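Derivation of every value follows stated rules applied to the coordinates shown; laboratory data play no part. What you see is a predicted model; the values in this text were computed from it and never measured. Counting neighbours? That spans all protein chains shown, and the Cβs are built from the backbone with ideal geometry, glycine included.
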Amino acid sequence: MSSSPTATYTAFGLRAEAEKIAPGLYLVATPIGNLKDVSFRALGTLAAADAVIAEDTRVTKTLLAHYGIATPLVAYHEHNARVMRPHLIARLETGAALALVADAGTPLVSDPGYKLVAEALERGVKITSVPGPSAVLAALVVAGLPTDRFFFEGFLPHRSVQRRARLAELAKIPGTLVFFESPRRLAASLADCLAVLGPREAAIARELTKLYEAVRRGTLAELAAALAREEPPKGEIVVIVAPPGAEAAELNEAALDAKIEEALTTHSVKDAASVVAATTGQPRRQVYARALQLTAGRER
């Protein structure tokens, strides 16, 4: 059975009574920084649920306490998901109303909630979205880059070789790219973006909706150079990179050779050809053949 309809919450100085909600799994978006960004519907759902499923219960406890919500918390994260998922599914199948939240923003975006939702759907559990804040969309709309098409990658690989390989796969996507990134890896990540994606326009969004929110805009070359000179920034980082543009047009021979030579400093001939082909839009077979010509005889 779901919670008593007498569950309450306090929003902006007003005490409200939460309406009873039907059994099922509710995906509730929570603030990414500013606690005022939560919706009335989200507060009512969190208050009326039988339990709130959270990644880090300490983070979610702060939100619930701020609004006077006493709903019990259940920890569900990548380290206990396999053990906890059957228990949560069993509760849902017996008529519980459970609210799933991320530490910040919309659930299932870079968190382990997907498998819980997928299994709940297989068991016939009703899934309800309670939409709201999203770091991905908040960063996208302030970047000043095209928003009609975008691709959210999440976190890029930690190591440069794997990161450049993944960027090469993303290079031809005809939309704005959105990444999450660690402050300590940001400078290296921007350098790899520049090497693989070329001189695209980009933006770095930091601490969105919080006191020290900041957005830096410029080319990847400008941003990479700036971050290489500075101490790593603090806070949550989102990187936004423009779609491929003029750099994917036909290159003259000298420009193509220069890009191949640059790629060869950190890649094998085969991988350099893949990177340059992805960055420039040139046929990989043609780039590979030229790379072989440029390296012929070097190791004799």
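Available extension along the chain between residue 58 and residue 230 is 58.7 nm, counting 0.36 nm per residue and deducting the alpha carbon span.
The chymotrypsin sites (Phe, Trp or Tyr not before Pro) found in the stretch 173-276 that occupy coil by DSSP, while having at most 15 further C-beta atoms within 10 Å, are 212.
Extension gain, residue 161 to residue 119, is 11.6 nm, computed as 0.36 nm per intervening residue step minus the present C-alpha separation. Only Cα pairs under 8 Å and 6+ residues apart enter the sum, and on that basis the relative contact order of the stretch 8-133 stands at 39 percent. Other residues with beta-carbon under 11 Å from the beta-carbon of residue 53 carry, at +1 per Lys or Arg and -1 per Asp or Glu, a net charge of -1.
Of all DSSP-defined beta bridges confined to the chain, some 50% are antiparallel rather than parallel.
In the stretch 1-55, Rg over Rh equals 0.96, where Rg is the alpha-carbon radius of gyration and Rh the Kirkwood radius from pairwise Cα distances. Both radii are taken from the alpha-carbon atoms of the chain; with Rh as the Kirkwood radius, Rg/Rh is 1.09. At full extension, residue 214 and residue 35 could sit 62.6 nm farther apart than now, given 0.36 nm per residue minus the alpha carbon distance. On the beta carbon distance between residue 80 and residue 286, with R0 = 51 Å, the FRET formula returns roughly 0.50. When the helix-only estimate is applied to the chain (DSSP H runs of n ≥ 4, each -39,500 (n - 2.57), divided by the residue count), what is the mean residue ellipticity at 222 nm, nearest 500 deg cm²/dmol? Helix-only estimate at 222 nm: -12000 deg cm²/dmol. Using r as the Cβ-Cβ distance of residue 265 and residue 19, and R0 as 41 Å, what FRET efficiency do you calculate, to the nearest 0.05? Calculated transfer efficiency: 0.05. As a length-normalised measure over Cα pairs under 8 Å and 6 or more apart, the relative contact order of the stretch 249-295 settles at 38 percent. Restricting the stretch 61-136 to trypsin sites (Lys or Arg not before Pro) that sit in a DSSP loop and have at most 12 other Cβ atoms within 10 Å of their own Cβ leaves 123.
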